[in-house]
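The next block holds one structure in the form of structure tokens; read it before the comments.
The values are calculated or read from the model by the stated rules, or taken from the named source; none is laboratory data. Please read these numbers as outputs of a predicted model, since none were measured by experiment. Glycine also receives a Cβ, built like all others from the backbone with ideal geometry; neighbour counts cover every protein chain displayed.
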Amino acid sequence: MAWNEPGGGNNKGPKDPWGGGDQGPPDLDEALQKLQEKLGGIFGGKSGSGGSGGGGGPAFSAPLLGVLALGAAVVWGLMGFYQIDEQERAVVLRFGKYLETVQPGLQWNPPLVDEVIKVNTTKVRAASFREIMLTQDENIVEVNMSVQYVINDPDKFVLKVRDPEISLQHAAQSALRHVVGDTGMDLVLTEGRAKIASDVQTRLQEYLNLYETGILVSKVNVDDSKPPSQVQAAFDDVIKAREDEERVKNEAQAYANGIVPEARGGAQRQIEEANAYKEQVIANAQGEADRFSKLLAEYRKAPEVTRERLYLDAIQNVYGNTSKVMVDVEGGNNMMYLPLDKLAEQSQQRAVRAPSLDSNTLREITNMVTEQLRRDAAASGSTSRRGGR
């Protein structure tokens, strides 16, 4: 027969397999009482007397409970102390609601009640982006950009936006696309990077202020901008052609800078020479006019003498500029021709072949030639007179 089947005798309930046929199910109060007695024995407490249905005394003594409560309070109070560094600010939340922003120093807040979130407000953070986008002239470019930022408002950084750095990334991409979309490809690839970075920084800060992220952008750099790799060779050829164009322009400008001043100098020199010639002609004309006026006055005083003098001056000028001499023999009809030009050429040839002569030797030779001419002239005169007789 099973143990829980009704049995004989005086048992009215199920049969207990551990004995005690008249005992019911275990009492929960009695089990708790036994546990308290055991704990009291461990911690030095006293258990009161009691039967199966009677209540016992307290498991812990009052002094022990006070010590435990005091120790728990001390531990709880010590857990509330924390240190805020100089470069940090702390946002305090009480039961999830914003309470205050704590400045640097030793601070205390009730633990398990307040939540303290520390934020470094001086650390410069950086984020990099790489985007492929269209320019204003519908060309594709690849731009690498880096953003440096700090947290200037820890309240907004912690509470206003769920993930401020993700918001920063999205805002930076949007600002970059907007600025590059309004710029031509040549500026994006060459000297327009600085302006693009400045415009992106301004627009990005406007976005972050609108989102209330508490982030301050300190610097935006366009690290690199290039065409896609598929068309890199064609862009390199275009850039090389542009550089050749600039080089040729510079060479032409340098040539112009050398020629134009020289031409201006030559023109100025000719102008100065013309002015000098003009002054010279005017001065000569005035001098000749003055000389003629004075000569006219002298001619009126002595016409014969003045006429003779003018004739001699004219003959002297004519003979002084000619290389041929005509000698009129007195009393005869023959005129002797003296080729001084040929004599000069012969003397030059002799000077080339012979050593150079000094001035005394030349004077002697001249005197000899003159004397010989006189003798010849005298001989010719005497011969003509005899023929006349």
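Structure summary
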item: Enumerated helices (runs of 4 or more DSSP H) restricted to segment 128-190, each holding at least 1 residues that are closer than 30 Å to residue 97 by Cα; result: 154-159, 164-181
item: Pick from segment 158-174, criterion buried (at least 16 other Cβ atoms within 10 Å of the Cβ) and among the β-branched types (Val, Ile, Thr), ranking: nearest to residue 85 (Cα to Cα); result: 158
item: Selected residue [touching a Pro at 6+ places or on another chain (Cβ under 8 Å) and modelled with pLDDT under 70] from 53, 45, 41, 24; result: 45
item: Yes/no for residue 281 being closer than 25 Å to residue 133 by Cα and either modelled with pLDDT of 90 or more or of a type in the set (A, V, I, L, M) (or both); result: no
item: Single match in 178, 170 (criterion: within 30 Å of residue 118 (Cβ to Cβ) and free of Cβ contacts under 8 Å to residues at least 60 places away in the same chain); result: 170
item: Residue pairs meeting the criteria (Cβ under 6 Å; at least 6 apart or on separate chains; first assigned by TED's automatic domain parsing to the domain that holds residue 177, in segment 225-246; second of a type in the set (S, T, N, Q) and loosely packed, with under 12 Cβ neighbours inside 10 Å); result: none
item: Residue check, residue 197 among the small types (Gly, Ala, Ser), surrounded by 15 or more Cβ atoms within 10 Å (Cβ to Cβ) and part of a helix (DSSP H, G or I); result: yes
item: Test: residue 98 is within 30 Å of residue 169 (Cα to Cα) and either of a type in the set (Ser, Thr, Tyr) or assigned to a strand (DSSP E or B) (or both); result: yes
item: Some residue of segment 147-157 being loosely packed, with under 15 Cβ neighbours inside 10 Å and farther than 12 Å from residue 217 by Cβ; result: no
item: Residues of segment 97-141 that turn out to be small (Gly, Ala, Ser) and surrounded by 13 or more Cβ atoms within 10 Å (Cβ to Cβ), as a count; result: 1
